[in-house]
1. Can you compute the modelled spin-label distance between Asp52 and Asp13, with each label point 7 Å from Cα toward Cβ, in nm?
2. Per-residue HN-Hα couplings for the stretch 150-163, Karplus 6.51 cos²θ - 1.76 cosθ + 1.60 at θ = phi - 60°, whole Hz, x for Gly and Pro?
3. Give the relative contact order (percent, whole number) for the stretch 51-175; include only Cα pairs under 8 Å separated by 6+ residues.
4. Rank by packing, highest mean first: peptides 114-126, 42-54, with packing defined as the count of other Cβ atoms within 10 Å averaged across residues.
5. Using modelled amide H (1.01 Å from N, peptide plane; none on Pro or chain starts), what sits under 5 Å from the amide H of Ala88, excluding residues fewer than 5 places away?
6. What list of ³J(HN,Hα) couplings, whole Hz, do you get for the stretch 62-75 from phi and the Karplus terms 6.51, -1.76, 1.60, once you set θ to phi - 60° and write x for glycine and proline?
7. Lys17: which aspartates and glutamates have alpha carbons under 20 Å from its alpha carbon, excluding same-chain residues fewer than 8 sequence positions away?
8. For Cα Rg over 2.2 N^0.38 Å, which listed value, [x] 2.50; [y] 1.01; [z] 1.14, comes from the coordinates shown?
Amino acid sequence: ATSTQQARLYAYDLKEKEWASDWSAEPMVLNLESNAFTGDATSEDWDRDYVDDAVYFGLNTGTAAATDGRVARLRLRSDQGAGSWLSAASIGTLVDVQRSVIGSPLTKADIYGRRWVYFGTGRVLVGSDNANSQQQYFYGVKEPINTDYDLTYGAVSTGTLLDISNLRVFTNPDS
């Protein structure tokens, strides 16, 4: 499964049953990757004001033999008021993992209020995907914050992530 066009996002107003009026007459073209397609998306209301703050999804490129991709973030601006939360939206990268991300990311806040995005890599969309021998991963990425603990919505480098592949968990401490 490959794409020969730019990925696009659309916004539909479920209440008015029409394309969202504060978005655009056209879909948002995602210029983060050429010849791309999106994976499943999930939205999150981090500040619990009943308006979503971000939408996370995989942005995928490459071929079955060499997949590529990242987790992208559509930042919705609930702080801009009801009239422009969507028109002031911006698209960016959460983390470039250089692997396909097809499944919907899972968002959670921990007991300390840190905001996490969990996702796995890999795909099986066409038969030739089964022959892919790239190592696949499962990630837990914290949304970046500033010194005031406010979200920056910046990108996270894979070099800053902690590899816990060899972590072992025991139910019996004597094991």
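The values are calculated or read from the model by the stated rules, or taken from the named source; none is laboratory data. In this text the structure is predicted, and so the values were computed from the model without any measurement. A quick note on method: Cβ atoms are made from the backbone with ideal geometry, for glycine too, and the neighbour counts reach across all protein chains shown. With ligands, DNA and RNA removed, areas are computed over all heavy atoms of the protein, side chains included. Shrake-Rupley method; radii C 1.70, N 1.55, O 1.52, S 1.80 Å.
1. The modelled label-to-label distance comes out at 1.7 nm.
2. Karplus-based 3J(HN,Hα) across the stretch 150-163 equals 8, 5, 9, 6, x, 7, 10, 7, 5, x, 8, 7, 8, 7 Hz.
3. Rounded, it is 21 percent for the stretch 51-175.
4. The densest-packed peptide leads the list: 114-126, 42-54.
5. Those lying under 5 Å, H to H, from Ala88 are Arg77.
6. Per residue, the Karplus-derived 3J(HN,Hα) values read x, 10, 4, 6, 9, 6, 8, x, 7, 9, 9, 9, 9, 8 Hz.
7. Hits, sequence-local ones excluded: Glu26, Asp52.
8. [z]
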